[in-house]
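A quick write-up on the structure given underneath.
Please treat every number below as a calculation from the coordinates, not as lab data. Quantities reported herein were computed from a predicted structural model and do not represent experimental measurements. Cβ: placed from backbone, ideal geometry, glycine included. Neighbour counts: every protein chain shown.
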Amino acid sequence: MNPFLLNLQILSSIWDVISKQDFYLGPTVERFDTLLRDFTGSKHALGVSSGTDALILSLKALGVGPGDEIIVPAISFFSTASAVSWVGARPVFVDIDIKTYTINPNLIERAITQRTKGVIPVHLNGGAAEMESIMTLAKKHGIYVIVDASQSLGVYYKNLPMSAWGDLVCLSFSFNKKELGGYGNAGAVLTNNNDIYKKISLFRAYGTSSKKEMYSNHVVASGSYRIDSLQAAILSCKIPYWNEYIRRRREKYILYKKLLKNVPRIILPDEGQNCLHSGYRFIFLTPHRDELRKFLRHSQIRSPNYYDIPLPFFPAFNSLEYSSGDFPVSEKFARESISLPTDNAVTKKSAEWVINLVKTFLEKQK
């Protein structure tokens, strides 16, 4: 993939949208929905305004509202839980697994009550939650499964794409996804359920299913959650290259794991035998996290902390009255997790240099 040629293609697609005045729910969005559906292997794909709105629309489509409870992991990006609160339901937090960094399936059942309407497993950092166990529990208790795959485009679980697991799958294409994102905010909902597809088709555009009916046939009261045509055009240019982007990230993820295998005082991610990691982020744990970050910063190496605070402890959820110690693994993860870059700006040589610095620092610690 030639970046210069891709940029020309993107600029051309933007001009095409402008010249045709195809700004919403037209051929540009239809093409994006089709390309995304084919890439993910989903029966239906609907572009929406953001990953957060994908979650909100999914909850709405399942009838989740006041009085309902949705189980979510204690570690994720804020919108995983805030979307639940935004539709009037109560997020019920569950601790994560120390190996996969995703929701611990062994703790889900004890969190289920008569009010539980669903669970939102999060495919965090490019890995996958243990979907087989989660789907079994959901079927047993008659609850929905809404997958938050905002960080795991391209992940496979048990040799099946993410679209094969759950009632709905929510994606994010925000600009911080870099090669996998747009030039602003965008998201999508995947589903293999025809009824859910029809509902979200209505919900994303003022309760009407097509541009032609925008002023004549509003079936339900809704808002504007549709993807912008400019973002759809940009992403449509990138989709043919996604597999290559993901392959390169996965290579760096595997290289980091290999080079750090025998380094003391760290916990490496373990996606297990069922998951083919997308390589979106490489995160590991060390009790020397803060000191290591400072050390790496002196060499101009990015090592951000994405989850310094477990979700239950944000002020927005104070009313739920969770306390320190309620989520021991998530709290450890918040204290000790550190990220190393895997995007296409990282070469094999630079990745090896980063790991040598990490090793040099950690081997000096007591």
Which lysines have a Cα less than 20 Å from the Cα of K158, not counting those fewer than 8 places away in the same chain?
K43, K99, K139
When the Cα centres of the range 74-125 and the range 251-321 are compared, how far apart do they sit, in Å?
20
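State to the nearest 20 debye the size of the charge dipole of the chain about its Cα centre, where the only charges are +1 on K and R beta carbons and -1 on D and E beta carbons.
Details: 44 positive and 33 negative charges, 183 e Å.
Magnitude of the dipole: close to 880 debye.
Just check the range 228-354 against the gyration tensor rule for me: Cα atoms, a ≥ b ≥ c as the square roots of the eigenvalues, rounded for a/c under 1.5, and otherwise prolate or oblate depending on whether a/b exceeds b/c.
Details: a/c = 1.85, a/b = 1.22, b/c = 1.52.
Oblate, because a/c is 1.5 or more while a/b does not exceed b/c.
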What distance in nm separates the two pseudo spin-label positions at L259 and N344, each 7 Å out from Cα along the beta-carbon direction?
2.1
Compute the distance in nm between two label points, each set 7 Å from the Cα along the Cα-to-Cβ direction, one at A316 and one at H218.
2.7
Matching label, volume of the Cα convex hull per residue in Å³ computed from the structure shown, candidates [x] 139; [y] 163; [z] 130
[x]
Enter the Cα centre distance for the pair the range 183-235 and the range 324-361, rounded to the nearest angstrom.
38
Between N274 and D16, with labels modelled 7 Å along Cα→Cβ, what's the label distance in nm to one decimal, could you check?
4.0
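May I ask you to derive the FRET efficiency for Y24 and T113 from their Cβ-Cβ distance with R0 = 51 Å, giving the value to the nearest 0.05? Intermediate results must be reported in sequence, preceding the final value.
Numbers: r = 41 Å, r/R0 = 0.80.
After rounding, the FRET efficiency stands at 0.80.
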Excluding residues fewer than 8 places away in the same chain, name every one of the lysines whose C-alpha is closer than 18 Å to that of K211.
K20, K198, K199
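Going by a ≥ b ≥ c, the root eigenvalues of the Cα gyration tensor, does the range 33-156 fall in the rounded group (a/c under 1.5), the prolate group (a/b larger than b/c) or the oblate group? All intermediate terms of the calculation are to be shown ahead of the outcome.
Details: a/c = 1.57, a/b = 1.20, b/c = 1.31.
Oblate shape, in that a/c is at least 1.5 and b/c is the bigger or equal ratio.
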